[in-house]
Amino acid sequence: MEQRHLGRTGLRVSRIGLGTLTWGRDTDEHDAADLLKAFWEAGGTLVDTADVYGGGDAEYLLGQLVERLVPRRDLVIATKAGSVPDPDRRFDGSRGHLLAALDESLERLGTDYVDIWHVHAFDPATPLDETLQALDLAVSSGRVRYAGVSNFCGWQLAKAATWQLAGPGVRTRLASTQMEYSLLQRGVEREVLPAALDLGIGLLPSSPLGRGVLTGKYRNGTPADSRGASETMAPFVAPYLDEAASRIVDAVTIAADGLATTPLQVALAWVRDRPGVAAPIVGARNAQQLAAALSVETLSLPDEICRALDDVSAPVHRYPDQDWSTL
C-alpha cells in the first residue's frame, strides 16, 4: 500500500487507515485479529482508535493483538482523548483529564507510546492553551510521537495550529486533524480543509463511505444486518438516507458500473485522493469488508468521473466562503 506523509511532518502512514470504533462491542477478538492481520499483510500501518471506543475495550483488544500478531514497530497507532460519558459535559480538554486519559490508554494498549494522539473534540469550558499544553507535555515526555485534533471547526483548528507555531516556549506542531469527510459530507471543505492545507496539517477522514450509505447497500431498503437496522446505530445512518443523498449514491453507482468496479471503491478512491487527505479511516466489521476496501489501492478515478461526482455532491458555499465580490 502506498505511504503518505502526514501533513508537513516526516511521519508516513498508509493511505488507508483501519478504524476500531466497533472493536470490543460489535467486533470480537477473533474478527479483530483477522482484520488487523489482513490490514498489515496488505501494507497497512495506520490503526485508529480512541479511549471511549467500546468503553476502552477497543484499545485493550488492540493491545492484546499487537506483538502477538503484528510487530509494534510496523504500526502507526493513533488514539484520542477528551470525550467523557457525562451528559452535562461531553468533552473534557483539561490538562489533568487528558494526561490521565493518555496514561490509561497506554496501559490498555500495552505500549510505552502512541504514534499520534488526538484531542477528540474542542472543549469550550477549558482554555485552549491549557488543552494544547497537554499535547506539549505528552510529546516532551516521549509518550506521544505526534499530536493532532479531531472535530475542530475551521477557526478552532486555525487558532490551535497558529498558537502551536507562534506561542512561547517549545510547542508541538499539529500534525493531523480527524474529521468526517465523504461525498455525502463535504462540510470540511468550507474552512477546515483550507486551514489544514495552509498550515500543513494532514486530514484523516472518518466515515469516508458516508456511514456505509455510499456502498449502495441502502438503495432498496435497510438490510437486516446493517448499521441502519441496529437500534444503537440507526440514528447515525438516518441523516444520509434522504433524497439528496440518494442522488449522490445513484451517481456513484453509475460511475462504478462504467468503471467495472463497486460503489465502495469509487467513493473511497474519491475521498482518498482529495487535496490535503492523508488517509481515510475505514471501519470494517469483518475481513471481507476490509478486503473490499483495500482493493481500492489499484483504482484511480478518471478526471471526468471526479468532476461529475464533484458536481452532483457539491455543497452550497456562499458568503464568506467564496469570492464574495462575484456574488
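The values are calculated or read from the model by the stated rules, or taken from the named source; none is laboratory data. Being a predicted model, the structure only gives us computed values, none of them experimental. Ideal geometry is used to build each Cβ from the backbone, glycine not excepted, and the neighbour counts take in all protein chains shown. What goes into the accessible areas is simple: the full protein's heavy atoms, side chains included, and nothing from ligands, DNA or RNA. Shrake-Rupley method; radii C 1.70, N 1.55, O 1.52, S 1.80 Å.
Here are the numbers:
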| quantity | calculated |
| --- | --- |
| Exposure rank, largest accessible area first [Thr232, Thr172; 1.4 Å] | Thr232, Thr172 |
| Arg72/Arg318 FRET efficiency (R0 45 Å; Cβ-Cβ; nearest 0.05) | 0.40 |
| Residue-averaged [θ]222 nm for the chain, counting only DSSP H segments that reach four residues, each worth -39500 (n - 2.57) | -11000 deg cm²/dmol |
| Area of Glu41 that stays accessible when all protein chains are in place (1.4 Å probe, Å², to 10) | 120 Å² |
| Rel. contact order, % - alpha carbon contacts under 8 angstrom, at least six apart, the chain | 18 percent |
| Placed amide H near Tyr146: partners under 5 Å, 5+ positions off or other chain | Ile116, Trp117 |
| Most mobile of Thr111, Thr49, Thr215 in a GNM of the chain (Cα contacts under 10 Å) | Thr111 |
| Magnitude of the charge dipole, the chain, Cβ model with Lys/Arg +1 and Asp/Glu -1, debye to 20 | 520 debye |
| For the range 16-26, 3J(HN,Hα) per residue [Karplus equation, 6.51 cos²θ - 1.76 cosθ + 1.60, θ = phi - 60°, Hz, x = Gly/Pro] | 10, x, 9, x, 10, 3, 8, 5, x, 10, 9 |
| Nearest-20 debye value, the range 148-196 charge dipole, Cβ charges on Lys, Arg, Asp, Glu | 160 debye |
| Cut-off under 5 Å, modelled amide H: who pairs with Leu46 long-range | Ser14, Leu18, Val76 |
| For Ala121, residues with placed amide H under 5 Å, excluding near neighbours | Ser150 |
| Cα centroid of the range 230-246 to Cα centroid of the range 261-275, whole Å | 20 Å |
| Translational diffusion coefficient (Stokes-Einstein; Kirkwood radius from C-alpha pairs) of the chain at 4 °C, 1.567 mPa s, in µm²/s | 64 µm²/s |
| For the range 1-139, alpha-carbon Rg over 2.2 N^0.38 Å | 1.06 |
| Whole-Hz couplings from phi, Karplus 6.51/-1.76/1.60, listed for the range 297-304; x for Gly and Pro | 3, 8, 9, 10, 6, x, 4, 5 |
| Reach of Lys159 by Cα under 24 Å, taken over lysines that are not fewer than 8 positions away in the same chain | Lys80 |
| Using θ = phi - 60° and Karplus 6.51 cos²θ - 1.76 cosθ + 1.60, couplings along the range 153-163 (whole Hz; Gly, Pro as x) | 6, x, 5, 5, 5, 5, 5, 5, 5, 5, 4 |
| Whole-Å distance, taken between Cα centres, linking the range 64-84 and the range 154-203 | 24 Å |
